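Scroll down for the structure; my scribbles are underneath it.
Just so it is clear, none of the values below were taken in a lab; they were calculated from the coordinates. Bear in mind the structure is a predicted one, so any value in this text is a computation, not a measurement. Glycine also receives a Cβ, built like all others from the backbone with ideal geometry; neighbour counts cover every protein chain displayed.
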Amino acid sequence: MKNINSHTHNKIAGMHLDSEAADATARARAAEQLDVAVAEFNAAVDSIEAQCSAPNANLDDLAVQLRDQLWRVESFCREMEQQLGADRDAVREKQREFRQQTDAHFAKSFFMQRARTWPQGYPGDYEIIEKAYNNQPLSPGVGQLFDRYFLGTTLANGIRYRRAMMRDILAAEMRERQGARILNIGCGPCRELIELASVIRDSRTQVTCVDFDADALKYSAERVRESGLQDHVEFRRYNALRMINAERNVREFGRFDVIYTIGLLDYLADDVLIRMIRALYETLQPGGTFIAVFKDCDRYDTIDYHWLVDWSGFLQRTRQESWQLILEAGIPHDAVTIQRSQDDVMIFYQILRHAAHVHNVPAHSAHDRRSQTIEPVAPRPAEDLKRSRRETPSERRRRRVSQ
């Protein structure tokens, strides 16, 4: 029996080694194919760039050619990523190699270069967001074609839809509340507020904008002055990561009728995010609303953002995962209305603070969160969501209080 067991053990070990050897061979083949694809991509872009300078160059046709070349090389990037599997360090190293090998061309694009190099020290800074809102290529020659591709990606379109939806939600809140205090966390370029200048003045809204990027605050303050909103909008340099404590929030800023953040939450780890959601909920006035927005990773392909550029700082979360985090923050599920942006990529959670919940929000420590299982609670029914889109904020608040 001992010999049989030993034989079986050796056979299994041999099979394991064979499997490892096969995996290593597949990874080596994928890496070799990617290197060839990158060389062919660079040669193709050289040709496209030469055509850009021709007097009769058709930039629309050349943009399609570049798009096809990008899609082709991305297919090899995807295969490489699949072969490396769970080895995230190896994947990131390959991504860095790819960007180095293609940098001569990508560096000619304002958008691609900025999304690769993070000149403000973080991805998605106020300037690239503001210029992506404008949706206009900024670079000459072949750089313009790369700009076009960037601006046409799912998430570049997504942030424009996100801004438009946030603007419309805020407009409704401002008109209904009159004289509301609003907190904008991670304010960036504040485009949604600039577009609401007349509504802010007419509704006597007061907005506090918080960001840690001094350049973003300077830029936004200038835009606010140009729009005549300096008496309605104030700016403060503050680290949003400190906003995980409600008592400190109230001490530093007071309470608010509306709190929103348009892009910050995707960059926060789960434990920090849970604490922040709970703290911001408790910073609201009774009857106040917290508007939280997340990307739905089931609605976009990460290859564009992790290989072509280095926009990997935001975390990949599904709708169910973001919803679960809100529940784990102790938010009552009946306080939440869920909507999606027009392109279906962004998820908007509008969280109403009932008066009954002011002193009844349970805390969850990191240990509690690991040890407990919270059953998923279904979001509000589709017919309820349709109704919530038609209702004014005050009507929605009255209906919930009566439920």
Pop the C-beta distance of ARG201 and ALA50 into the FRET formula with R0 = 41 Å and round what comes out to the nearest 0.05.
0.20
Virtual spin-label span in nm between GLU222 and SER75, 7 Å along Cα→Cβ:
4.6 nm
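Which length gain, in nm to one decimal place, applies between ASP344 and VAL250 when the Cα-Cα distance is subtracted from 0.36 nm times their residue separation?
30.4 nm
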Sorting PRO123, GLN101, TYR133 by the position of each Cα along the dipole of the stretch 67-152 (Lys, Arg +1; Asp, Glu -1; all at Cβ), the one nearest the positive end of that ordering is TYR133
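Below 8 Å between Cα atoms, with a sequence gap of 6+, how large is the relative contact order for the stretch 107-152 in percent? Each step should come with its number before you reach the end.
Details: 42 pairs, mean separation 22.9, N = 46.
It comes to 50 percent, rounded to a whole number.
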Treating the beta-carbon of each Lys and Arg as +1 and of each Asp and Glu as -1, no other charges, what is the dipole magnitude of the stretch 107-152 about its Cα centre, to the nearest 20 debye?
180 debye
With the calculation restricted to Cα positions, what are the radius of gyration and Dmax of the stretch 107-152 in angstrom?
9.7, 27
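Using only alpha carbons, build the gyration tensor for the stretch 166-233 and give me the equivalent ellipsoid semi-axes, biggest first, whole Å. Don't jump to the answer; show the numbers that get you there.
Values: eigenvalues 73, 29, 19 Å².
Gyration-tensor ellipsoid for the stretch 166-233: 19, 12, 10 Å.
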Measure out, as a whole number of angstrom, how far apart the alpha-carbon centroids of the stretch 157-211 and the stretch 256-287 sit.
16 Å
